[in-house]
Ligand code: NAD
């Protein structure tokens, strides 16, 4: 365990003493803004400092991306493929280091982060291999013209990411942007900025030219705002809270930015009484308590058919009480700490809200006494009603709200009765019902008899307050590229003649 923590500390120290700098135009740019602390969630102690990029540093980063764009966009897809595949190889070679940094900086558990780092490499490899065909379009012939389309990278883009699984999420947005031929200014979340530095360093070691990928630190309201308002930034790919998405849309409206939003969720897992209940139980637990509950696609609402509600929820409560909470570096740990005291306070408040609303706290609900670090016990609210805040609001912690339903119509109505529409999980052995309910759920993604298993060519994203646009496969390229239509006359049509 301590060797993994030592690995993490060595990585953090490798970025140099003092406040974490930025990475602009292929080199480190020193921190000049007022420093603020980065905390280690597992110990509650200060891990280091970070600061806002100054206005000049944001200008410099955007100018570097703007100047590097024509050359990077003009490279052949094959050349981009090679560099990005080298980056994928280096991510794999550094997977332990990356995972260790995620554990120390984001409080995520080793058992999940060792795989998440590898997924980061897979994201790079997947989009790298598609770089040569990214510009390809369609042939759309009409009687008198051959219409054909092609795509070009949109320009320098901003990528703004949250703190929950920072490395994997950043690769998911940055790899397709680079593969498409865009240049990037990345702003990672201020509570967990270290793995973003690893990523930008790895990309340069792989041979990415200076200016193609820049990384600036700082708060959303300052550094993030400057980036999203900058006229040279052509699009903003954002992952974070729904309310931040609204702010970014406002900030980018003056300069007509294209936006892609992956936002919050209050995702239902619906368990019918004909389902494989053992697997449904495993999946429901995994999808809310893994990643410390800080997961956009977490199944944070459990809708269980009333015929099996009591027995299912009783088994669930036993398992929740049995989850291993502790040191994120311990491979046996299942639930680690929350990211920050402010987030801890938000999550902890919901136990009070649940009591006031009249729900039952069947597990957890009270902070550990005397714990160092921001550990919150896995919590289960039962006998909840649809109208309660614990059933409506994204808590983003290891907290599950269980609600009974009577039949298919009731399940669909409750599942859809929230402002969010990211993912839905459905457990039933009736194929017809699986099809009907999947169609009826107002969400961007449905998993039937499964937990969240990602397939990179498939679209990822949400409806309603959960997002705008889709990632994955060609959807990512559609966002980062402009489509052009070219109509070539066959010489068979008559051009209208005026003023003859
Ligand atoms: P957040 O919205 O507070 O912050 C996300 C990023 O936006 C950070 O880098 C932050 O500094 C920046 N930011 C904040 N205000 C800004 C502004 N005005 N202008 C520009 N940038 C700004 O989100 P968070 O608390 O870091 O992350 C948790 C949220 O992210 C949850 O709601 C979760 O559901 C969501 N999330 C969604 C997905 C998805 O794929 N749908 C994935 C992971 C997380």
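The values are calculated or read from the model by the stated rules, or taken from the named source; none is laboratory data. Computed from a prediction, not measured in an experiment: that's the story for all the values here. Here Cβ is always computed from backbone atoms with ideal geometry, including for glycine, and neighbour counts include all displayed protein chains.
Observations, loosely collected:
- Residue 283 part of a helix (DSSP H, G or I), within 20 Å of residue 165 (Cβ to Cβ), in contact (Cβ under 8 Å) with a residue 60 or more places away in the chain and in contact with a strand residue (DSSP E or B) (Cβ under 9 Å, 6 or more places away or on another chain): yes
To keep it simple, each residue is scored yes or no on (1) in contact with a strand residue (DSSP E or B) (Cβ under 7 Å, 6 or more places away or on another chain); (2) buried (at least 17 other Cβ atoms within 10 Å of the Cβ).
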site: 409; (1), (2): no, no
site: 445; (1), (2): yes, yes
site: 460; (1), (2): yes, yes
site: 476; (1), (2): no, yes
site: 482; (1), (2): yes, no
site: 491; (1), (2): no, no
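- For residue 301, the conditions (1) touching a strand residue (DSSP E or B) at 6+ places or on another chain (Cβ under 6 Å); (2) assigned by TED's automatic domain parsing to the domain that holds residue 339; (3) within 25 Å of residue 393 (Cα to Cα); (4) surrounded by fewer than 23 Cβ atoms within 10 Å (Cβ to Cβ) are fulfilled apart from (4).
- Residue 370 assigned to a loop (DSSP other than H, G, I, E, B) and either crowded, with 20+ Cβ neighbours inside 10 Å or within 16 Å of the ligand (Cβ to nearest atom) (or both): no
Residues are listed down the side, and each one gets a yes or a no for (1) assigned to a loop (DSSP other than H, G, I, E, B); (2) more than 30 Å from residue 139 (Cβ to Cβ); (3) not assigned by TED's automatic domain parsing to the domain that holds residue 140:
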{"position": "432", "(1), (2), (3)": "no, yes, yes"}
{"position": "443", "(1), (2), (3)": "yes, yes, yes"}
{"position": "476", "(1), (2), (3)": "no, no, no"}
{"position": "492", "(1), (2), (3)": "yes, no, yes"}
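- Flag if residue 437 is touching a helix residue (DSSP H, G or I) at 6+ places or on another chain (Cβ under 7 Å) and either in the same structural domain as residue 289 (by TED's automatic domain parsing) or assigned to a loop (DSSP other than H, G, I, E, B) (or both): yes
- Members of region 376-410 that are out of contact with any helix residue (DSSP H, G or I) (no Cβ under 7 Å at 6 or more places or on another chain) and away from the ligand (no atom under 16 Å from the Cβ): 377, 383, 387, 391, 406, 407, 409, 410
- The sole residue among 312, 329 that is in contact (Cβ under 8 Å) with a residue 24 or more places away in the chain, outside any helix (DSSP H, G or I) and more than 27 Å from residue 262 (Cα to Cα) is 329.
- Single condition residue 47 does not satisfy, out of (1) touching a strand residue (DSSP E or B) at 6+ places or on another chain (Cβ under 6 Å); (2) over 29 Å from residue 326 (Cα atoms): (2)
- Only one of 352, 254, 318, 357 that is without any contact (Cβ under 8 Å) to a residue 40 or more places away in the chain and not assigned by TED's automatic domain parsing to the domain that holds residue 384: 254
- Hey, residue 270 within 14 Å of the ligand (Cβ to nearest atom), surrounded by 24 or more Cβ atoms within 10 Å (Cβ to Cβ) and not in a loop (DSSP other than H, G, I, E, B) or not: no
- Residue list for region 241-266, filter: in a loop (DSSP other than H, G, I, E, B) and closer than 21 Å to residue 183 by Cα: 255, 256, 257
A quick yes/no check of all residues on (1) surrounded by fewer than 24 Cβ atoms within 10 Å (Cβ to Cβ); (2) touching a helix residue (DSSP H, G or I) at 6+ places or on another chain (Cβ under 7 Å):
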residue	(1), (2)
134	yes, yes
148	yes, no
159	no, yes
170	no, yes
175	no, yes
191	yes, no
194	no, yes
208	yes, yes
214	no, yes
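- Selection of region 411-437 for residues being surrounded by 17 or more Cβ atoms within 10 Å (Cβ to Cβ) and within 16 Å of the ligand (Cβ to nearest atom) yields 418, 420, 421, 422, 423, 424, 425.
- Strands (runs of 3 or more DSSP E) wholly inside region 141-232 that include at least 2 residues being within 14 Å of the ligand (Cβ to nearest atom), closer than 22 Å to residue 482 by Cβ and not assigned by TED's automatic domain parsing to the domain that holds residue 297: 156-160, 183-187
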